[in-house]
Amino acid sequence: MKSCALRLLNRKSVLKIIVILLVGVIVVNGAANKFNIGDTVRVTENLNVRTGAGTSYSEITDPDYPGYAPAGTSGKVLEGPKSADGYTWWKVEYNAGYTGWSAQDWLEKTPPAAPTTTSPGSSSAPGLLTDTLTPTLQWTSVSGADYYAVAISKYPYGSSNIIYNPQTVYGTSLAVPAGTLEYGQKYRWNMQAHNSAGWSAISNTLYFQTPSSPIPTTPAAPTTTSPGSSSAPGPLIDTLTPTLNGPVYPVPTTMPSL
């Protein structure tokens, strides 16, 4: 019986140790997930930048490195997390021009950079004339952003004249829904990027105009059917007054060159 109890006690001890280890792993992982690869981070206090993850590693040697990353320095997370010497470490590419490993305790995540709007529109009013009421808004991707917000305002512009303002947009383009824009109007648009640290600054602003009325569409090219074939010299016809067959279109004001 004593031997059985001892075995039972040993089994419980082993299970207890396993549980402690598992809990320890969960806590470490929970703390380590403060950042993700690609996040923008900022130094909260002067911080050493090392060649590896741990205090045993020497500091980096780089002409741009002043002996520490000054408070306020920003950078992008490249690798991590790694746990060593009681700290969680991340490899950061600092905007000051150097890269290395720094302890998480003196880093904080920052809002993403502002996106750059690319089309439609131009940087000054009244802007370019679009040929549709459902243009596709396009912008550059921002590292570390999880989604975007877009705002379109109608002349005389401003927050009181916003007519379209989706708050959770993914990707780098968005088609303006039908019924949003009107003919013969002037608009401008800009946007912001978002991550868990908050919203970016507002992007550059683009201006555009809509046509005063629907723009006629150009018909598709007709398909000739007879007489003839697609290669020279073609079939022999039995008349000098053949009937040319194909779809009927309005007569153009200018004739094509042959």
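Taken together, the values in this text are just the output of simple stated rules run on the coordinates, not laboratory data. Please read all numbers here as calculations on a predicted model, not as lab measurements. Here Cβ is always computed from backbone atoms with ideal geometry, including for glycine, and neighbour counts include all displayed protein chains.
Stokes-Einstein diffusion for segment 117-209, with the hydrodynamic radius set to the Kirkwood value over Cα pairs and evaluated at 37 °C in a medium of 0.692 mPa s, equals 246 µm²/s.
Here the simple spin-label model places points 7 Å from the Cα toward Cβ, and for Leu78 and Glu45 these points are separated by 2.6 nm. For segment 36-46, putting each phi into the Karplus relation 6.51 cos²θ - 1.76 cosθ + 1.60 with θ = phi - 60° gives couplings of 10, 4, x, 5, 8, 10, 10, 6, 8, 9, 3 Hz, in residue order, rounded to whole numbers and with x for Gly and Pro. Label sites at Asn165 and Asp105, each approximated as a point 7 angstrom past Cα along Cα to Cβ, lie 4.3 nm apart.
Site pair Asp85 and Thr241 shows an inter-label distance of 10.2 nm when each label is modelled 7 Å from Cα along Cα→Cβ. Sparsely packed loop sites in segment 35-125 (the GluC sites (Glu not before Pro) outside DSSP H, G, I, E and B with at most 13 other Cβ atoms within 10 Å) comprise Glu45. Each residue of segment 228-243 was assigned a 3J(HN,Hα) from its phi angle through the Karplus expression (A = 6.51, B = -1.76, C = 1.60, θ = phi - 60°), giving x, 9, 7, 10, 6, x, x, x, 8, 9, 9, 8, 8, 10, x, 9 Hz with x at Gly and Pro. Distances between placed amide hydrogens fall under 5 Å for Thr88 paired with Gln104, Asp105, all partners being 5 or more residues away or on another chain.
Taking N as the residue count of segment 74-122, its C-alpha radius of gyration divided by 2.2 N^0.38 Å amounts to 1.58.
Listing Leu236, Leu181, Leu244 from the residue with the fewest other Cβ atoms within 10 Å to the one with the most, what is the order? Don't jump to the answer; show the numbers that get you there.
Numbers: Leu236 6, Leu181 20, Leu244 9.
Ordered from fewest to most neighbouring Cβ atoms within 10 Å, Leu236, Leu181, Leu244 come out as Leu236, Leu244, Leu181.
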